[in-house]
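Here is the structure we will look at, set down as structure tokens.
The values are calculated or read from the model by the stated rules, or taken from the named source; none is laboratory data. Note that the coordinates shown come from a computational prediction; the quantities given were computed from them, not determined experimentally. Positions of Cβ are backbone-derived with ideal geometry, glycine not excepted, and every protein chain shown enters the neighbour counts.
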Amino acid sequence: MTTDTAPAATTSAAPPATPPATPAGARAVAPAAANRPVAPGSSAGPAARATRRLLAAGAVAGPLYVGVSLAQALTRDGFDLTRHSWSLLANGDLGSVHIANLVITGVLTTCFAAGLRRVHRGWAPRLIAAYGLSLIAAGVFRADPALGFPPGTAPGPGEVTWHGLLHLASGGIGFLCLTAACLVTARRYRHAGRTGRAAYSAITGVLFLAAFAGIASGAGGAALNLAFTGAVLLVWAWLAGHALDLRRNT
């Protein structure tokens, strides 16, 4: 008896998949690259550095404005710190220096506001941006000659022109915005538990507002003019300190 034996089924292992060819000149990307931590200089790095540069603009704005203004106030013929506001420096042969000083300082302050907006929301960035724009406007709309400056000007208040009025308006709006920014920042520092910074911000805002109110009243006088100059120095020191504090913590 013959038994036919069926041929045994043969199972063949499937050949390993061949990875797609890498085009000539292209680099293969390691699979672990997707899980690699972000390195400095990647998309997160430039954003942080840009923020720090914008904040640094706030630290530069004050020293620049104060330094250039005082240099002119102490060297230009006929200018008297006890009688004349810094705005009058925009007149005369070297008036373009003060105009450029106002505009550049305004641009730097506005850049600082942009950096501030990246790290803090709320009203402070808007108020400081408004102050920066007011500085630019104060440079564009020149103050009228008055009180004997520049030399050859009548000793009284002088004639008020349309650009002189716009200069006064932009300055007034800017000073009020800067005062409000001090007070808003004081509240933020207080909520963060930084009572020293909060007190410094609040005191700066109150003193600056008081000095501005005194000047705006038209009372004049050497003491009042010097007090306002001191308040200007104080508020610019506050802005620079605030910018440096934010930059250190960003």
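For (1) of a type outside the set (A, V, I, L, M); (2) part of a helix (DSSP H, G or I); (3) in contact with a His (Cβ under 9 Å, 6 or more places away or on another chain); (4) at pLDDT 95 or above, each residue gets a yes or a no:
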position: Gly41; (1), (2), (3), (4): yes, no, no, no
position: Thr51; (1), (2), (3), (4): yes, yes, no, no
position: Ala56; (1), (2), (3), (4): no, yes, no, yes
position: Gly62; (1), (2), (3), (4): yes, yes, no, yes
position: Leu74; (1), (2), (3), (4): no, yes, no, yes
position: Phe79; (1), (2), (3), (4): yes, no, no, yes
position: Val97; (1), (2), (3), (4): no, yes, no, yes
Only one of these conditions is not met by Ala219: (1) farther than 24 Å from His98 by Cα; (2) part of a helix (DSSP H, G or I). Which number is it? (2)
Can you list residue pairs whose Cβ atoms sit under 8 Å apart, with the first residue in region 99-119 being of a type outside the set (Phe, Trp, Tyr) and the second being crowded, with 19+ Cβ neighbours inside 10 Å and not in a helix (DSSP H, G or I)? Count only pairs 6 or more apart in sequence or on different chains. Ile99/Arg142
Taking region 142-163 only, how many residues are within 18 Å of Asp93 (Cα to Cα) and surrounded by 17 or more Cβ atoms within 10 Å (Cβ to Cβ)? 10
Taking region 217-235 as the region of interest, how many residues are among the polar types (S, T, N, Q) and surrounded by 14 or more Cβ atoms within 10 Å (Cβ to Cβ)? 2
Some residue of region 115-135 being buried (at least 20 other Cβ atoms within 10 Å of the Cβ) and either in contact with a Pro (Cβ under 9 Å, 6 or more places away or on another chain) or modelled with pLDDT under 95 (or both): yes
Report whether or not Thr185 is under 23 Å from Arg126 (Cβ atoms), part of a helix (DSSP H, G or I), touching a Leu at 6+ places or on another chain (Cβ under 6 Å) and modelled with pLDDT of 95 or more. no
Take Ala237 and tell me if it is farther than 18 Å from Trp86 by Cβ, under 19 Å from the mean Cα position of the chain (by Cα), aliphatic (A, V, I, L, M) and part of a helix (DSSP H, G or I). no
Any residue in region 242-250 that is closer than 24 Å to Ala113 by Cα and part of a loop (DSSP other than H, G, I, E, B)? yes
Take Arg187 and decide whether it is of a type in the set (D, E, K, R) and more than 22 Å from Ala231 (Cβ to Cβ). no
If you take the residues of region 81-95 that are among the small types (Gly, Ala, Ser) and part of a helix (DSSP H, G or I), which of them is farthest from Ala223 (Cα to Cα)? Gly95
Starting from region 219-237, keep only residues that are under 29 Å from Ala59 (Cα atoms), then list their pairs with residues that are of a type in the set (A, V, I, L, M, F, W, C) and outside any helix (DSSP H, G or I) whose Cβ atoms are within a distance under 6 Å, requiring at least 6 positions of separation or different chains. none
Subset of region 110-144, residues within 30 Å of Asp77 (Cβ to Cβ) and either part of a helix (DSSP H, G or I) or not charged (D, E, K, R) (or both), comes to Ser134, Leu135, Ile136, Ala137, Ala138, Gly139, Val140, Phe141, Ala143
